[in-house]
Structure formats: structure tokens, C-alpha cells
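Heads up: the structure comes next, in C-alpha cells.
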Amino acid sequence: MSDDLFLKIISREIPADIVFENDDVLAFRDVNPQAPLHVLIIPKIHIRTINDMQQQDAELFGKLFFAAREIALEQGIAKDGYRVVMNCNAAAGQTVFHVHLHLLGGRKFDWPPG
Ligand code: DGP
């Protein structure tokens with residue numbers, strides 16, 4: 001847990017461009033954006049991957065999606081559309097092991113993803 005980069009963003013040890021915060025969730029712009037809007041939405045507690053999610057975390061994961069909705073509305077991408085993605089482990093490309101929902105918008109996305 002001590003190597004959890006995103007806990008350091010929550011505690012403001014590492015700076016980030018924060019766009020949303022409440023008691024449970026923090027959201028900030030991705031340092032390597034893949035779309036005009038690329039925000040990472042994270043829980044304020046350490047959960048490594050979706051595989052580590054417990055039954056009692058279900059509501060918290062719902063709050064990540066609700067934050068995505070709020071940010072999309074606030075940033076003006078809700079009507080055109082946007083994508084939310086959560087990578088789990090190496091095959092999906094997860095590189096930071098503190099669960100995070102990617103919110104991407106401001107351009108058209110292909111399907112299936114690469
Ligand atoms: P993933 O591949 O799903 O684990 O995505 C991790 C994302 O985190 C990746 O898009 C880049 C972003 N990221 C990594 N380090 C930092 C950081 O220090 N600050 C910010 N804002 N984003 C970071």
C-alpha cells in the first residue's frame with residue numbers, strides 16, 4: 001500500500017489537477033490523456049484491482065460511476081457521449097494498482113477497443 005501512487009494524490013503529497021471530490025471519491029486529470037477530456041475517478045480507500053473488491057465495496061464502486069456522470073455533465077460531454085473504462089491487471093493494461101475509472105470524452109471512440 002505504501003507504493004500506492006494514488007493515495008499520495010489523495011493526501012496531496014503528489015500534485016494533480018483535481019476536478020471533483022467528495023467524502024468517498026477523488027477525480028483528477030490523467031497525466032497522459034488519451035482524449036480531450038481524460039479523468040481518473042478513484043475511491044479514497046486502497047483497493048488494488050476489481051478482483052480485490054468485496055461485497056461491501058459495491059456501493060463505493062457505484063459512487064465512482066455517479067461521479068463520472070456528474071463530471072460528464074459538468075464538463076459538457078454528457079449529451080455527445082463518453083466512455084468509462086476500468087482496467088484489471090496486466091492483460092487489460094492496468095499499471096496503477098489502486099482501482100480507477102477512466103472517464104474519456106471529447107472525441108469519437110472505436111469499438112472494439114484495442
Ligand atoms: P491504468 O493503465 O488503467 O492503470 O491507468 C493508469 C493511468 O494513470 C494512466 O492513464 C496514467 C495515469 N497516471 C499515472 N501516474 C499518474 C500521476 O502521477 N498523475 C496523474 N494525474 N495520472 C497518472
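The values are calculated or read from the model by the stated rules, or taken from the named source; none is laboratory data. Only a predicted model underlies this, so the values are computations on that prediction, with no experimental measurement involved. Cβ atoms come from the backbone with ideal geometry, glycine included; neighbour counts cover every protein chain shown. Ligands, DNA and RNA are excluded from the accessible area calculation, which covers all protein heavy atoms including side chains. Shrake-Rupley method; radii C 1.70, N 1.55, O 1.52, S 1.80 Å.
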Quiz item: What are the residues in region 16-26 that are among the hydrophobic types (A, V, I, L, M, F, W, C) and more than 10 Å from the ligand (Cβ to nearest atom), if any?
Solution: 19, 20, 25, 26
Quiz item: Identify, please: which residue in region 5-15 is more than 11 Å from the ligand (Cβ to nearest atom) and not basic (Lys, Arg) and is, among those, surrounded by the fewest Cβ atoms within 10 Å (Cβ to Cβ)?
Solution: 11
Exercise. For region 66-84, indicate whether the set of residues that are open to solvent by 20 Å² or more (accessible area, probe 1.4 Å), in contact with a strand residue (DSSP E or B) (Cβ under 6 Å, 6 or more places away or on another chain), among the β-branched types (Val, Ile, Thr) and within 10 Å of the ligand (Cβ to nearest atom) is non-empty.
Key: no
Quiz item: Out of all the residues in region 28-40, which are more than 10 Å from the ligand (Cβ to nearest atom) and either at pLDDT below 95 or surrounded by 12 or more Cβ atoms within 10 Å (Cβ to Cβ) (or both)?
Solution: 35, 37
Practice problem: Would you tally the residues in region 49-92 being farther than 20 Å from residue 29 by Cα and among the charged types (D, E, K, R)? | Solution: 4
Quiz item: Do we have any residue at all in region 43-54 that's in contact with a strand residue (DSSP E or B) (Cβ under 7 Å, 6 or more places away or on another chain) and touching a residue at least 40 places away in the same chain (Cβ under 8 Å)?
Solution: yes
Quiz item: Limited to region 89-114, what total is found for residues that are without any contact (Cβ under 8 Å) to a residue 40 or more places away in the chain, under 21 Å from residue 52 (Cβ atoms) and more than 9 Å from the ligand (Cβ to nearest atom)?
Solution: 2
Quiz item: Got at least one residue in region 41-56 being modelled with pLDDT under 95, loosely packed, with under 11 Cβ neighbours inside 10 Å and more than 12 Å from the chain's Cα centre (by Cα)?
Solution: no
